[in-house]
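All of the numbers you see were taken from the coordinates with simple rules; none came from a lab. Note that this is a predicted model, so its numbers are computed, not measured. Neighbour counts are summed over all protein chains in view; Cβ atoms, including those assigned to glycine, are modelled from backbone coordinates with ideal geometry.
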Amino acid sequence: MSLAEVDQGDVLVVQPDGGDNYWQPVPANGFVSVRLAPHLVGMNTNTPFGLGTQTVPPGGYVREHSHPHHDEVLHFISGSGKAFIDGKEHRLSPGMTIFIGKKRRHMFVNDGTGDMHWLWMIAPNGLEDFFRDIGRPKKPGEPAPEPFARPDNVLEIERRTAFAPPPPGGGRIP
């Protein structure tokens with residue numbers, strides 16, 4: 001084996017039903033699929049990242065929040081809705097990409113008639129731990145559960161994963 005072969009990084013191919021998949025509680029509902037994270041593949045980078053998808057049904061939303069040390073990229077694949085970033089509204093449509101730097105308040109609302117689906121990437125990682133800890137495991141082909149509440153310790157989960165404290169009053173409501 002050559003030195004170049006010894007120094008190569010990992011390879012991970014994630015099939016459509018692969019990754020770590022979780023049903024999400026209200027108000028988002030829907031589900032998350034964690035596709036890449038340090039616990040799934042060795043990352044040879046100074047800044048480990050998480051990457052996955054999120055699907056939010058009509059009427060669901062991702063509450064207003066920010067990340068204290070994280071940059072986030074979202075690429076919207078299907079559905080429609082709106083994003084609020086530092087209070088400014090942006091219409092969302094398939095093909096749109098948004099970069100959100102650390103400490104920027106943001107939320108996403110599905111005000112369309114179908115599921116809103118996007119790809120997310122966050123660096124450093126941590127969002128995948130949040131989704132695991134507030135969600136319920138999702139199995140391929142399993143029907144969506146009835147809406148369920150966030151865990152009672154959600155603020156502690158947010159604090160130890162990838163979230164800044166919530167804004168006074170809990171933040172914007174759609």
Subtract the Cα-Cα distance of GLN8 and ARG160 from 0.36 nm times their separation in residues, and report this length gain in nm to one decimal.
-> 51.5 nm
Enumerate the aspartates and glutamates that LYS88 could reach by cross-link, defined here as Cα to Cα under 20 Å, with residues fewer than 8 away along the same chain left out.
-> GLU64, ASP71, GLU72, ASP111
At R0 = 30 Å the Cβ-Cβ FRET efficiency linking GLU142 and ILE173, nearest 0.05, sits at 0.50
proj_area_mean for the chain (convex hull on C-alpha atoms), units nm², value 11.3 nm²
Given TRP118, ILE134, ILE100, which one lies farthest toward the positive end of the charge dipole of region 10-138, if we put +1 on the Cβ of every Lys and Arg and -1 on the Cβ of every Asp and Glu?
-> ILE100
If you place +1 on the Cβ of every Lys and Arg, -1 on the Cβ of every Asp and Glu, and leave all else neutral, what size is the dipole of the chain about its Cα centre, to the nearest 20 Debye?
-> 600 debye
One finds the C-alpha centres of region 1-75 and region 103-174 to be spaced, in Å, by 13 Å
Hey, got the dipole for region 32-129? About the Cα centre, +1 on K and R Cβ, -1 on D and E Cβ, debye to the nearest 20?
-> 200 debye
